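Read the structure below first, then the notes.
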Amino acid sequence: MQDVENIVNGQKLFLKEEYQTSLAAKKEFESAMGAVNPAKVEEIAQWTKSWDYREKNLAREAITINPAKACQPLGAIMAGLGFENTMPYVHGSHGCVAYFRSYFTRHFKEPTPCVSDSMSESAAVFGGLANMKDGLRNCNAMYKPDHIAVSTTCMAEVIGDDLGAFIIGAREEAEGELDNLPITYAHTPSFVGSHITGYDNMMKSILEQLSIGKEASVKDEERINIIPGFEPYLGSLAEIKEIGKMFSDKIVMLGDHEEQWNTGAGGYSLYAGGTTLEDAKTAINAKATISLQKYSTIQTAKTIKNKWKQIYETCNPIGLSGTDEFVMMLSKLTGKDVPEALKTQRAQLVDAMQDSYPYMHGKKFAIYGDPDFLLGLVSFIVEMGGIPTHVLCNNAPRKGWEEDMQAIISKSDWKDDCNIWMGKDLWHLRSLLFTEPTDFLIGNVYGKELYRDTGIPLIRIGFPIFDRHHLHRYSISGYKGALNLLTWIVNGVLDQLDEETKDIAKTDYFFDCVR
Amino acid sequence: MSETLEALQKEAIEEVLKIYPDKAKKNRAKHLGVDTPEGVKGACDKTRSNKQTVPGVMSQRGCAYAGSKGVVWGPIKDMIHISHGPVGCGQYSRAGRRNYYIGTTGIDTFVTMNFTTDFTEKDIVFGGDKKLKKALEEIDILFPLNNGISIQSECPIGLIGDDIQAVAKVHKKASDKPTVAVSCEGFRGVSQSLGHHIANDMIRDEVMPDASYRKDFVSTDYDVAIIGDYNIGGDAWASRILLEEMGLRVIAQWSGDASYKEMAIAPKAKLNLLHCYRSMNYISRHMEQEFGIPWMEYNFFGPSKTTESLRKIAEFFGPEIQAKTEAMIAKYTAMTDAVIAKYKPKLEGKKVMLYVGGLRPRHVIGAYEDLGMEVIGTGYEFGHGDDYKRTKEDIARSTLIYDDVNEYELEQFVKKLKPDLVASGVKEKYVFQKMGLPFRQMHSWDYSGPYHGYDAFAIFAKDMDLAMNSPVWSHTKAPWEKEEIGA
């Protein structure tokens, strides 16, 4: 029973004797093998750590287990929320939207505005036009957006709803209410690609559709666009903008969702920050556009290169050399020298890397996540002398990414010890970690089950992270972002060193106060 | 005071409706109302519910898949539940609901994992049955200790004409393990609710007929099953301990920390105890018809309701159990009285607005009232008329009733009624915290809990005190600011 002077919640309550007795008695009625024959559980658990199991596991063709990816509309919502006063609108079931909002909200600890038009059986039969007619009007009346960014769920895609025609139809019947409201739309089927594909499709649509009527031939020679991609680190957005400002006032971020998920206490407002619609409309007139996530902007790139005839570049400013490249790109495009402040930041970063390198040198890392995130992180690990033993990506496109990753790994002295695992999931990774263990694991929250099972410490970098607070507020991009990465990784290594050496009178001679 | 509150609540409804275009206004008006304990034909009798959500709003509702995979089937720990279709649904619903269980995850239990057939365009065009068949086979190779597989359909399955029932049937025969195909596509129905119903129907059709575990089962006169407790944060554990102490034997726990066997032996119970009426009344009625097992609703939130429920349950089993129950109640009441004495002075008179799903919009009212807190608004995400009717018994004062309330409405209601605490879900949480309002998630117990039973009430009280009386709320206004900011 609870001690009123020391009330404990479930963590400790169930350790009390009466609960342990009750839980033990429950086993009589259970069929799970742990209750029937615990030795069998142990036997199978051991087998799952074997090479035999690994081979069977890697041979899977049909079932995906614990993938590190989500579906298209999630990315479309992030793209939409990067523009000012924009309401993401999902044409499909509201169940999906409840999931998207919860998912982002658990990561950012912030509200996530997004509506759906609640399609159900009747829409499955007759199409979702009626939903869209009411939905756009209601959304406009209630949330007063300056722009609605429409994406779709797989249901709407399977039945083949024609978004363009539906929006025209909805406008016609809205008694003028939607006349001056830009409504952009993208088809974002969940059964194609992943969340980064949805980001790409929505971004392309927003940029193309908002710039209708503007001439691509009119060029503002000073204007440079930067597309951040599916960026869960809000601090990265801030840092990229700051670096841009050091070069020019005419560097504009397209899809800037930093403020939307970082509003202060003292009142709630639905919309915050974002790329102005004016900037979005004139994106077409820039001289150049830089994408910071090559593989999250494959379709968007086509618009910029082929339709807008702009200089299109990709950079990945995660880690030292990635940031160098980005900085030199800005220098080249603006014709300005690298500012002193950045030179100082770089020197400080390199200094820090040189302070900490012994703890990362020769350490083996397993790392998983989105394709561009991995290119950046692996590059940084290699720069530090770490070994990216297992690099696992579920959602990289077939073309290009593996070669890009191989090129980075080739810079490592241990390049032959590194493996790239395309299209694999975290249950595959479990086998890899048991058969070819690493010292550390880097990835999102779902890595914690791998940590529990294998004992390999998880350093949380990625998306989503639900079980640690505020990491998303930091930057992982730029020189300062690389310093954050360094801090997290090196201190992760040092925490583990303390963990391994803390046994009193056994190993604690190495439990040093100075490291 | 109650008249003023009632007037304010009615005014709030009028004001909130102003923003809507006519069609939506007419619709939403029927979902909103006010009721009082003494009122006749108030909102609890009249509120329109379980209807299509108005398109284009920020509804908090989920879908049929969420109701089946997320709520009913997902927590059954020794089965593997496949999210059949594209990758998203399984990912968003992975490990977020806090359905606690004991087991070796990935070996003999699988609740927090995400198994998905991860559909590609090819599967949509050519159908996914072959992939599903293969997936089932692969699962049996890699997870030999699974005690069955359920196939949880996502939207496309019902639209592309796949025959998952046939695939399941073949696999069931080949593997000799339960293989259950659930057609809980997200577009079915208007909310999670139909998913619960569909999930219940599949338990009825696929699990209830399985007598294998019932054959040698040795019954006692005091066997009960807990139905509709998902063991969020350990709720069902904190409940079963009380039932055991009063002399009953809990033979099954549905479906939080449930194993397949517990699903199959439930028809051996002498009484089914139903906590979440909304999501599991269907199967309770079925067991009553098919096996003659009576069922009884109970409420383990807060000492008043818990004690009332325990007495009702004890009465069913007769004097011996009743005597034990009274002794137990006396023992725990001493503790809960101390909890109330400790926390009520800090919480008394504080106003609460609720918005949750299932049973909680009515069941938790008593727990707040035990602490002297006053619930002035409540509503269901996916309730039906019978839920609202039952709510009448639980309201303690004039209460604003809102069905499928959307974010705009809830925000306006809160601004108007100025509660001291909002208790709802994660999507709503930060909206109200930014307004300077203490908030508790009442789906996940805000990562605390359990909240069912006597021991849990102590946690509930402590958590509410923590939320209400944290110094952090006093920092919102900067020292250089003169005016009130926030809500």
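The values are calculated or read from the model by the stated rules, or taken from the named source; none is laboratory data. Just so it is clear, the structure is predicted and the values come from calculations on it, not from any experiment. Every residue, glycine among them, receives a Cβ derived from its backbone with ideal geometry; neighbour counts consider all protein chains shown. We work out accessible area using only protein heavy atoms, side chains counted, and drop any ligands, DNA or RNA first. Shrake-Rupley method; radii C 1.70, N 1.55, O 1.52, S 1.80 Å.
General remarks:
- Of residues in the range A:34-51 being surrounded by 15 or more Cβ atoms within 10 Å (Cβ to Cβ) and of a type in the set (A, V, I, L, M, F, W, C), the one nearest to A:PHE104 (Cα to Cα): A:ALA45
- Verdict on B:PRO55 being within 26 Å of the chain's Cα centre (by Cα) and free of Cβ contacts under 8 Å to residues at least 24 places away in the same chain: yes
- A Cβ distance below 8 Å, combined with a sequence gap of six or more or placement on separate chains, defines the contacts here; from the range B:214-225, residues that are farther than 12 Å from B:ALA252 by Cβ reach residues that are at pLDDT 95 or above and aliphatic (A, V, I, L, M) in the pairs B:TYR222/B:LEU248; B:TYR222/B:ILE321.
- In the range B:324-334, the qualifying residues are those that are open to solvent by less than 10 Å² (accessible area, probe 1.4 Å) and in contact (Cβ under 8 Å) with a residue 40 or more places away in the chain, and the one that is farthest from the other protein chains (Cβ to nearest Cβ) is B:THR325.
- Matching option when the condition is at pLDDT below 95 and either surrounded by fewer than 23 Cβ atoms within 10 Å (Cβ to Cβ) or touching a Lys or Arg at 6+ places or on another chain (Cβ under 9 Å) (or both), among A:GLY266, A:GLY235: A:GLY266
- In the range B:23-72, the residues that are within 21 Å of A:SER122 (Cβ to Cβ) and more than 7 Å from chain A (Cβ to nearest Cβ): B:LYS26, B:ASN27, B:ARG28, B:LYS30, B:HIS31, B:ARG48, B:SER49, B:ASN50, B:LYS51, B:ALA64, B:GLY67, B:SER68
- Those residues of the range B:416-438 which are out of contact with any Lys or Arg (no Cβ under 8 Å at 6 or more places or on another chain), under 17 Å from B:GLY358 (Cβ atoms) and buried (at least 23 other Cβ atoms within 10 Å of the Cβ), in sequence order: B:SER424, B:GLU428
- Total residues in the range B:7-22, condition under 16 Å from B:ASP404 (Cβ atoms), within 14 Å of chain A (Cβ to nearest Cβ) and assigned to a helix (DSSP H, G or I): 2
- The single condition among (1) surrounded by fewer than 18 Cβ atoms within 10 Å (Cβ to Cβ); (2) more than 9 Å from chain B (Cβ to nearest Cβ) that A:ARG54 does not satisfy is (1).
- The range B:436-454, residues that are within 15 Å of B:LEU421 (Cα to Cα), facing chain A (nearest Cβ under 9 Å) and either in contact with a Cys (Cβ under 7 Å, 6 or more places away or on another chain) or not in a helix (DSSP H, G or I) (or both): B:GLY436
- The criterion of being of a type in the set (Gly, Ala, Ser), crowded, with 17+ Cβ neighbours inside 10 Å and away from every other protein chain (no Cβ under 11 Å) does not hold for B:ALA166.
- Residue identified as among the hydrophobic types (A, V, I, L, M, F, W, C), touching a residue at least 40 places away in the same chain (Cβ under 8 Å), surrounded by 17 or more Cβ atoms within 10 Å (Cβ to Cβ) and away from chain A (no Cβ under 13 Å) among B:PHE413, B:PHE457: B:PHE413
- Only listed residue being within 16 Å of A:SER236 (Cβ to Cβ) and not charged (D, E, K, R), chosen from A:GLY273, A:GLY264: A:GLY273
- Candidates are the residues of the range A:413-443 that are closer than 20 Å to A:ILE461 by Cα and charged (D, E, K, R); the one that is most open to solvent (accessible area, probe 1.4 Å) is A:ASP439.
- Verdict on B:GLU297 being acidic (Asp, Glu), facing another protein chain (nearest Cβ under 10 Å) and either farther than 18 Å from B:VAL207 by Cβ or crowded, with 20+ Cβ neighbours inside 10 Å (or both): no
- Residues of the range B:376-401 that turn out to be closer than 22 Å to A:THR112 by Cα and in contact with a strand residue (DSSP E or B) (Cβ under 6 Å, 6 or more places away or on another chain), as a count: 1
- Qualifying residue in the range A:247-255 (condition: part of a loop (DSSP other than H, G, I, E, B), more than 30 Å from B:VAL472 (Cα to Cα) and open to solvent by 20 Å² or more (accessible area, probe 1.4 Å)): yes
- Elements of type helices (runs of 4 or more DSSP H) contained in the range A:94-207, each with 2 or more residues being at pLDDT 95 or above and open to solvent by less than 10 Å² (accessible area, probe 1.4 Å): A:94-108, A:129-143, A:154-159, A:163-172
- Residues satisfying the stated conditions in the range B:328-386, i.e. among the acidic types (Asp, Glu) and closer than 22 Å to B:GLU297 by Cα: B:GLU369, B:ASP370, B:GLU381, B:ASP386
- Meets criteria (part of a loop (DSSP other than H, G, I, E, B), within 11 Å of chain A (Cβ to nearest Cβ) and at pLDDT 95 or above) for B:PRO75: no
- Only one of the listed residues (B:VAL170, B:VAL190) is of a type in the set (A, V, I, L, M) and more than 23 Å from B:GLN91 (Cα to Cα). That residue is B:VAL170.
- Qualifying residue in the range A:238-246 (condition: within 14 Å of chain B (Cβ to nearest Cβ) and aliphatic (A, V, I, L, M)): no
- Residue in the range A:61-74 that is open to solvent by 20 Å² or more (accessible area, probe 1.4 Å) and in a helix (DSSP H, G or I) present: no
- Residue in the range A:67-82 that is at the interface with another protein chain (Cβ under 8 Å from one of its Cβ atoms) and β-branched (Val, Ile, Thr) present: no
- Of the residues making up the range A:127-172, those that are away from chain B (no Cβ under 11 Å), among the charged types (D, E, K, R) and without any contact (Cβ under 8 Å) to a residue 60 or more places away in the chain number 3.
- Among the residues of the range A:268-300, those that are touching a residue at least 40 places away in the same chain (Cβ under 8 Å), in a loop (DSSP other than H, G, I, E, B) and under 30 Å from B:LYS415 (Cβ atoms) comprise A:TYR268, A:LEU270, A:TYR271, A:GLY273, A:GLY274, A:THR276.
- Within the option set B:LYS477, B:LYS482, being part of a loop (DSSP other than H, G, I, E, B) and more than 10 Å from every other protein chain (Cβ to nearest Cβ) holds for one residue only, B:LYS482.
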